[in-house]
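The values are calculated or read from the model by the stated rules, or taken from the named source; none is laboratory data. Everything numeric in this text was worked out from a predicted model, so none of it was measured. All Cβ positions, even for glycine, are placed from backbone atoms using ideal geometry, and neighbour counts span all protein chains on display. Protein only, heavy atoms only, side chains kept; ligands, DNA and RNA dropped before computing areas. Shrake-Rupley method; radii C 1.70, N 1.55, O 1.52, S 1.80 Å.
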Amino acid sequence: MEDIRIKSKADYQAAYQESVDHPEQFWAKIADTFDWKKPYDKVLEWEFETPDIKWFQGGQINMAENCLDRYLETQPDKTAILWEPNDPNDDNIAWSYKELHHRVCKFANVLKANGIEKGDRVCIYMPMVPHLAVALLACTRIGAIHSVVFAGFSAQSLADRINDSSCKIVLTTDGSFRGNKEIDIKGIVDEGVSKTSSVEKVIVLKRTEKFINMKEGRDVWWDDEMEKVDANCPAEPMDAEDPLFILYTSGSTGKPKGVVHTTAGYMVSTYYTFLNVFQYEDEDVYWCTADIGWITGHSYIVYGPLLAGATTLMFEGIPTWPDAGRFWAIVDKYQVNQLYTAPTAIRSLMANGLEPVARYSLNSLKVIGSVGEPINEEAWKWYHTYIGKGKCPLVDTWWQTENGSILISPIPHVTDIRPMYATNPLPGVQPIILDKDGNEITEPHEEGLLCMKFPWPSIVRTLYGDHDRMRNTYFSTFKGYYFSGDAAKRDNKGRYRIIGRVDDVINVSGHRLGTAELEDAINEHPWVVESAVVGFPHDIKGQGIYAYIITERDIDSQQAFKDEINETVRKEIGPIAKPDIIQVVPGLPKTRSGKIMRRILRKIAEGDISTLGDTSTLLNPDIVDDIVEEATTVN
Ligand code: WT7
């Protein structure tokens, strides 16, 4: 295993060079550290036109087996999952590799007993309990395809996702605890499932013990089912390119897309990047604060760490409860060595001052990480100075749901760190910056569109049920390249800085939301004629949501109307999508062909009305003044 770890600048340079000159040889070396059920015939076959990308063809392998079984002999008693409950006074959990293996095998048998076979889709709507990790691993053990839906999404969003991939079963809990709130998870599932026709069973884990309705013939209790099965469950041999999971994410248009990741390539990439980006060593305790409902949780709470035989910590609660020192209390309690979190969490904790930090030592930390959105200079410095004590390398990791694993990031103590720069591509990653005509930008400091020239093992393979959309979204903007949707630039040492999305995707607290999806939700309100949503800079969330709405009638109470819009969005998507600012407008600026000029709306939302540009070509130029007059300025 040692030779796949990058320990020096020379290692990095050698690995990078090999990954470009001999990509197949480079990735095979990593793949060969796994237990294969059947060796692969060919490392890579690809083209970016269709696109058609295949890694490790002919090989058969199982994810759960490589996460668990192969550690049963070497480290059965090492803690695999540590779990810190919402309430710090409640008991925590530590499951060893042996115990996790036992639970996964049993739950895999529960799935089978409830009619799940290889290739079936399993929807998972659960809060951050350790059984959530068991659920993922049990699916992959038997070759069922999981589709985790973040348990903050609404019943409608859940139903849409279940329907898109015809899930046969839903795994959930009675309720959940988040800070001082208790959430009716099962109620949301009942409402969601009522809008679907493919779901045959719902398996319910007890968490809050509150009374819930169990639907006869459909709903069963997790614990009861576990009693009925044994722990003997051989891992299913999966073809390298068999789908591993689906994860829905927002795009600039239409409904969320079901990003499909396949088995072997995803394993190779998450394992390799976990080891190197976090410089994980044997006795370390690693903590990623994301929710498993997002790709960060899939790749860097569950799969990457367990493939590497690590101890991974899961936290059920929120950073600010019981107080703003909770994260730091957890770091000290478990002596966390690597902490991976999001800029939005850092900014909200920063706003609470240094007192909650000063109560803790944080001495165990060796590496600190950031993911999900650009980290601004102030947050970077605060995180580095007060949490990393100036001594822990801060890895600003850039990647996307579609990438499966980190693509651009510093390697601690090996490559450079530069505030606000994701810095260098990891070995195997070949970025290129293009101008809007598709010409390469080589000049330093010149902004362009971030693309990839060559596939890495965990690249998205398709969008569930819609390969045309896969091609159109990522491979049609520039022929022969994967287009990320982000703008970026390089400094004179070739280090990358990510600027942000160039499409109609808003990044709110690290959560991706499409403007079209937000507008569709707002338009569900009966009084809304038309709406336009844009992002604006927000101190804590990174970006906030600004909604311009044309109503059918005069609004008597603006506040009551805004509350209703918020409620509509909460119902359609979930609380994370509620607009920060709602402005009722008499019209929207449109081009002569009827397209909304979002550029102008964005400027107004940013409070930057001095540079609105030429509005004379608009169909309705006067509307701009009306909107500006009534705008809620944020700056
Ligand atoms: C978008 C992907 C997979 C990470 C979790 C979010 C933005 C992500 C960074 C970073 C600047 C970043 C990009 C990207 N993003 N990491 N380190 N610096 N921007 O995954 O929901 O698929 O969102 O998040 O805009 O395109 P996601």
Exercise for the section: Taking amide H positions as placed in the peptide plane 1.01 Å from N, state which residues far from THR462 in sequence (5 or more) or on other chains have amide H under 5 Å from it. Expected result: VAL260
Exercise for the section: Could you give me the radius of gyration and the Dmax of the chain, taking only the C-alpha atoms into account and expressing both in angstrom? Expected result: 24.2, 74
Problem - Estimated inter-spin distance, ASN180 and ASN232, nm [label 7 Å along Cα→Cβ] - result: 5.3
Fill in the blank from the handout: For segment 502-559, the Kirkwood Rh over every pair of distinct alpha carbons, in Å, works out to 12.3
Practice task
Compute the distance in nm between two label points, each set 7 Å from the Cα along the Cα-to-Cβ direction, one at ASP614 and one at ARG70.
Solution key: 6.1
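Could you tell me how many cubic angstrom of Cα convex hull volume segment 329-397 has per residue?
Values: hull volume 5.2 nm³, N = 69.
Taking the convex hull of the Cα positions in segment 329-397, it is 75 Å³ per residue.
May I ask you to rank ARG471, ARG570, ARG598 by accessible area, largest first, using a 1.4 Å probe over the protein chains only? Mind dumping the intermediate values first?
Numbers: ARG471 70, ARG570 95, ARG598 45 Å².
Of ARG471, ARG570, ARG598, the descending order of accessible area is ARG570, ARG471, ARG598.
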Exercise for the section: Would you please give the FRET efficiency between ASP332 and GLU630, computed as 1/(1 + (r/R0)^6) with r the Cβ-Cβ distance and R0 = 45 Å, to the nearest 0.05? Expected result: 0.35
Fill in the blank from the handout: Note, segment 54-62: 3J(HN,Hα) by Karplus (6.51, -1.76, 1.60, θ = phi - 60°), whole Hz, Gly/Pro = x, goes 10, 10, 6, 4, x, x, 10, 7, 10
Exercise for the section: Can you figure out the FRET efficiency of ASP435 with ASP466, using R₀ = 41 Å and their beta-carbon distance, to the nearest 0.05? Expected result: 0.90
Fill in the blank from the handout: With +1 on the Cβ of every Lys and Arg and -1 on the Cβ of every Asp and Glu, the dipole magnitude of segment 304-386 about its Cα centre, in debye rounded to the nearest 20, is 180
Exercise for the section: State the extension gain, in nm to one decimal, for the chain segment bounded by TRP321 and ASP224, taking 0.36 nm per residue of separation less the distance between their alpha-carbons. Expected result: 31.6 nm
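For the pair ARG359 and GLN558, what calculated FRET efficiency results from E = 1/(1 + (r/R0)^6), where r is the Cβ-Cβ distance and R0 = 30 Å, to the nearest 0.05?
With a Förster radius of 30 Å, E is 0.10.
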Practice task
Determine the distance separating the Cα centre of segment 386-451 from the Cα centre of segment 46-65; give it in Å without decimals.
Solution key: 25
Problem - Principal axis box of segment 488-611, alpha-carbon based, largest edge first, Å - result: 58, 35, 24
Practice task
Kindly report the accessible area of segment 496-635 per residue (heavy atoms of protein chains, probe 1.4 Å, no ligands, DNA or RNA), in Å².
Solution key: 47
Handout entry: DSSP-assigned coil residues among GluC sites (Glu not before Pro) in segment 169-237, each with at most 12 further Cβ atoms within 10 Å
Key = GLU209, GLU216
Fill in the blank from the handout: Scoring the chain by relative contact order with C-alpha pairs under 8 Å, at least six apart, yields a percentage of 12
Exercise for the section: Would you check the accessible area of GLU572, probe 1.4 Å, heavy atoms only, in square angstrom rounded to 10? Expected result: 50
Completion exercise
Expressed in nanometres to one decimal, the distance between label points 7 Å along Cα→Cβ at ASN523 and ASP35 is 5.3
Handout entry: Karplus 3J(HN,Hα) series, Hz, for segment 486-498 with 6.51 cos²θ - 1.76 cosθ + 1.60 (x for Gly, Pro)
Key = 9, 9, 8, 9, 10, 8, 6, 9, x, 8, 8, 10, 8
Handout entry: Under 5 Å, built H, 5+ apart or other chain: amide partners of HIS146
Key = VAL122, ILE246
Exercise for the section: Express in nm, to one decimal, how much length is gained between ALA351 and LYS78 on full extension, taking 0.36 nm for each residue of separation and deducting their alpha carbon distance. Expected result: 94.5 nm
Practice task
Find how much the distance from LYS215 to LYS42 grows on full extension, using 0.36 nm per residue of separation minus their present alpha carbon separation; answer in nm with one decimal.
Solution key: 57.4 nm
Exercise for the section: Pairs of Cα atoms under 8 Å, at least six residues apart: use those to get the relative contact order of segment 149-238, whole percent. Expected result: 29
Problem - Under the Karplus curve 6.51 cos²θ - 1.76 cosθ + 1.60, θ = phi - 60°, whole-Hz ³J(HN,Hα) for segment 384-393, x wherever Gly or Pro sits - result: 5, 6, 8, 9, x, 6, x, 10, 8, x
Problem - Computed helical MRE - 222 nm, the chain, DSSP H runs ≥ 4 contributing -39500 (n - 2.57), nearest 500 - result: -8000 deg cm²/dmol
Problem - Under-5 Å amide H pairs with LEU619, H placed in peptide plane, nonlocal only - result: LYS590, THR591, ARG592
Handout entry: Cα-only radius of gyration and Dmax that characterise segment 202-343, units Å
Key = 18.5, 50
